[in-house]
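Below you'll find the structure, written out as structure tokens, and then a few comments.
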Amino acid sequence: MLKRLLRRDRLPQTMPSAGPPAAGFAPLSRATPRIDRFSDEDLAELNRLLKWNCFTVDSQGRRVGDRARTAKREEPQDIPDRRIVLLDDTFALRDKHVLEVGCFEGVHTIALADRAREVTAIDSRIEHVVKTVLRCYLYGHAPEVRRCNVELADEMAALPEVDVVHHVGVLYHLVDPVAHLERLASKIRGGMMLDTHVAATQQATDMLRSGGASYPCRRVGEGGVSEVFSGMYGHASWLTLDALIALLQRLGLRECQLVEERAERNGPRVLIMARRA
């Protein structure tokens, strides 16, 4: 009896959440014929095959993918995300080639492919490339998806010229966002949607030296390669909003519209539409 009591004391006091249900979500408002042909058992097996970090739904409201962990990406991701609707309204994507920087697991890629003539999606992690290819196939698309470390000059140089860049949730993970934007700007014919954290002026107590110039910044720790929601290296540099807009304008994206400023848990975040004059 004593042994049984001791073993019981070592058990966790609360059981971990079983995760999101396999079905019962609001159905997606677009057709998903490739997924609809899967039985519930086949879809459940697909959801177990890869270590998904987010999920979408099909036209029957069934889950495609999985949450990242307890309390992280517990709800289905929107297709389309509201920012992609705004991007389309701003740049009229129907006849455009769009570069998506940081495709993660392909959620935004699908919505871009629904709207644009051509999509090239890139990510620094090969696991994200694989998941993006698969998720896009399931939703009826086959965009070009590449592994590309956006902090390496040679890998950035190999990217195609495009009309529009979709740049969401990446810049604030980079060691040198200035060098990255300098390399990227030469690839952009039309404009870019940039959604990123920035440093409040009082937080910019560090200095980023890049290309012979210095930029006040906030230095933020990153998890490195093993953390999929992190940058590839040990820290990132957050520019101030003024420095970021001045940089974009210097790089030829002279029309910069500050669409949103948001106060988020990790710090201030902005949405910018930048275009060549």
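Readers should treat all values here as calculations from the given coordinates under stated rules, not as data from a laboratory. Just so you know, these numbers come straight off a predicted model, no measurement behind them. Note that each Cβ is placed from the backbone with ideal geometry, even for glycine, and that neighbours are counted across all protein chains shown.
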Residue among Leu253, Leu43, Leu239 with the largest mean-square fluctuation in a Gaussian network model of the chain, springs linking Cα atoms under 10 Å: Leu43
Listed residues Met207, Met232, Met192; largest mean-square fluctuation, Gaussian network over the chain with Cα springs below 10 Å, found at Met207
For segment 20-77, taking Cα atoms only, what is the radius of gyration to one decimal and the Dmax to the nearest whole Å? 10.7, 30
For segment 82-275, what relative contact order do you get, as a whole percent, if you take Cα pairs closer than 8 Å and at least 6 residues apart? 17 percent
Once the Cα gyration tensor of segment 82-275 is diagonalised, semi-axes √(5λ) in Å: 25, 19, 16
Residue-by-residue Karplus 3J(HN,Hα) for segment 238-248, coefficients 6.51, -1.76, 1.60, Hz, glycine and proline x: 9, 7, 6, 4, 4, 5, 5, 5, 4, 5, 4
Sparsely packed trypsin sites (Lys or Arg not before Pro) within segment 59-125, loop by DSSP, other Cβ within 10 Å at most 13: Arg117
Which stretch or stretches of segment 197-224 have amide N atoms under 17 Å from the point lying 7 Å from Asn149's Cα along the Cα→Cβ direction? 222-224
Of all DSSP beta bridges in the chain, what percent run antiparallel (nearest 5)? 60 percent
Centre separation in Å (Cα based) which lies between segment 236-277 and segment 91-149: 23 Å
Compute a Gaussian network model of the chain, connecting alpha carbons closer than 10 Å, and tell me which residue from Ala23, Ala263, Ala113 fluctuates the most. Ala263
Calculated from backbone phi, Karplus (6.51, -1.76, 1.60) coupling profile of segment 72-80 in Hz, x at Gly/Pro: 10, 6, 7, 10, x, 7, 6, 10, x
